Amino acid sequence: MRFSKAALLAAIAAAVALAPATPSTADAKPSKRSKAAKPKITRVTPMRIEVGETLVIRGTRFKAKKRRNTIIFRGADGRTAFAKPRRASRRRLVVKVPGSVARLLAVHDGLQRPTRLKLRVLAGRFSAFTPRRLSPVVLGVGSGPGGEGGSGGRGAPTDGTHPLATCDSDADHDDDLLSNADELRDKTDPCLADTDGDGMTDGWEYLAAKDLNIKAVPYPGNRPYPNPLDPSDRDTDFDGDFLPAGIEYRLWRYTGSSFDAGLVGGHVAGSPLGYSDGTQASRPAEEPSPPAFRSPSYGIPFAPPAYPARHVMDHPGPFHAANWTDDERDADSDGVNNYVETAGPGHFSWWVSYLEEASIEPWPDVYFGSFTQRPFVDLAPDDPDVDGDTLLDGEDDQDNDDVLNFDEMYEPGAVYGPDSRQKNAFNPCAPDGESRTCPIYRPF
């Protein structure tokens, strides 16, 4: 049987019309979007739970691998805590309520109380926060069944996650200078010495804030003070002595974490802390000890300046006449005071900044400008020998030009200006353009 050409074309057209349509790129997009849709929480059990107990979250579009899911707990004030699930599937997450959630609970009369917390899941994308009907109540510290301040926690864990059940070995469980009761009152964690994780313990920040607030009034629990709930404040210099909070904390730890509860009155008495970022004179009566220089033991000719007078900085202030300020002290007893080693001429960047301000060319004929041909090590207020050669930093020679650091880094009353041959602890050509380490050829 033979078909005409016209009949054959008509048959092909009919077959194409009846064939299933091939999906276009536009038709495929909804499928891709569905794969990236937001996760959703549909059920939470139990709805009343204690820190350390297990919470089950059901929903859709979770990740099957547990490490790819994150559960966010949110308090009424917007603060959050995070946890990874112990087990996970695409429709179910099992998570242990972490100890960090205790910081989100409301505090009344010095005790944490049952608090409703919103939940959110991050599984590639964020879910919405749970409404009230899906937001569990986390029972307060020490809550009994029903969460109304019973004498013992319901099923309290013994692995250190419950702030009261396991963090009450003594009045100050985490040894951060704050009692457990004070920590509950101020919403810091009695189990953690450093609640905000900024490297400074809660009690040190608390006491430094009181120093800054003149000591005679209650603790200022918010900014602009050192705050144990603010992880961003370690680089702030609250008391204006050019030693940031993080540095003063390091010096406090380095010098033995001194604490004297009797020093609580006024600027003259000082601070309970050996170093505090709430006052420029934490221990104004403690005169720095003369360093134990080591040059003589190596047979190196050595004539040190008078100590502790060498540490005095020529600056105004209520403490300068008769008291030692924190910047003038020498925490590591290396012959260079704290200011010089933290923010002053003990750092290469200080000289670059100073020389720019003084309008000195980097490479004039007498070579007293900035020197960048080779690197130098900055000094540190809590390391007496930064280059490890056993000589103290004060008696050392950072740029190897045979002029000692304490002569080049500061001289009280010295006049610096563009018309003088400058001393410079980070330039081997200053003050002597013919020193043994000044480059033979001037750089291009």
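The values are calculated or read from the model by the stated rules, or taken from the named source; none is laboratory data. Worth saying up front: this structure is predicted, and the values here are computed from it rather than measured. Because the Cβ atoms are built from the backbone with ideal geometry, glycine has one as well, and the counts that use them run over all protein chains shown. Just the protein is used for accessible areas: all its heavy atoms, side chains included, with ligands, DNA and RNA removed. Shrake-Rupley method; radii C 1.70, N 1.55, O 1.52, S 1.80 Å.
Scan region 230-261 residue by residue and report those that are open to solvent by 60 Å² or more (accessible area, probe 1.4 Å), of a type outside the set (Phe, Trp, Tyr) and in a loop (DSSP other than H, G, I, E, B). Listed by number, the residues that qualify are PRO231, SER232, ARG234, ASP235, THR255, ASP260, ALA261.
Residues in region 211-222 that are under 23 Å from LEU263 (Cβ atoms) and surrounded by fewer than 23 Cβ atoms within 10 Å (Cβ to Cβ): LEU212, ASN213, ILE214, LYS215, ALA216, VAL217, PRO218, TYR219, PRO220, GLY221. Can you pull out the residues in region 170-200 that are closer than 8 Å to PRO228 by Cα and surrounded by fewer than 24 Cβ atoms within 10 Å (Cβ to Cβ)? Selection gives ASP194, ASP196.
Mind listing whichever residues of region 66-125 are in a loop (DSSP other than H, G, I, E, B) and open to solvent by 50 Å² or more (accessible area, probe 1.4 Å)?
Within region 66-125, the subset in a loop (DSSP other than H, G, I, E, B) is 69, 75-79, 84-86, 89-91, 97-98, 105-106, 109-110, 113-114, 117, 124.
ALA76, ASP77, ARG79, LYS84, ARG86, ARG90, ARG91, ASP109, ARG113, GLY124 - these are the residues of region 66-125 that are in a loop (DSSP other than H, G, I, E, B) and open to solvent by 50 Å² or more (accessible area, probe 1.4 Å).
Restricting to helices (runs of 4 or more DSSP H) lying wholly in region 337-444: which have 2 or more residues that are surrounded by fewer than 22 Cβ atoms within 10 Å (Cβ to Cβ) and at pLDDT below 90? Steps first, please.
Values: elements: 338-342, 348-357, 405-409.
By residue number, 348-357.
A count restricted to region 32-67 and to residues that are in contact (Cβ under 8 Å) with a residue 24 or more places away in the chain and either within 28 Å of ASP230 (Cα to Cα) or among the acidic types (Asp, Glu) (or both) stands at 5.
Scanning region 203-235 for residues that are in contact with a helix residue (DSSP H, G or I) (Cβ under 7 Å, 6 or more places away or on another chain) and free of Cβ contacts under 8 Å to residues at least 40 places away in the same chain turns up TYR219, PRO220, GLY221, ASN227, ASP233, ARG234, ASP235.
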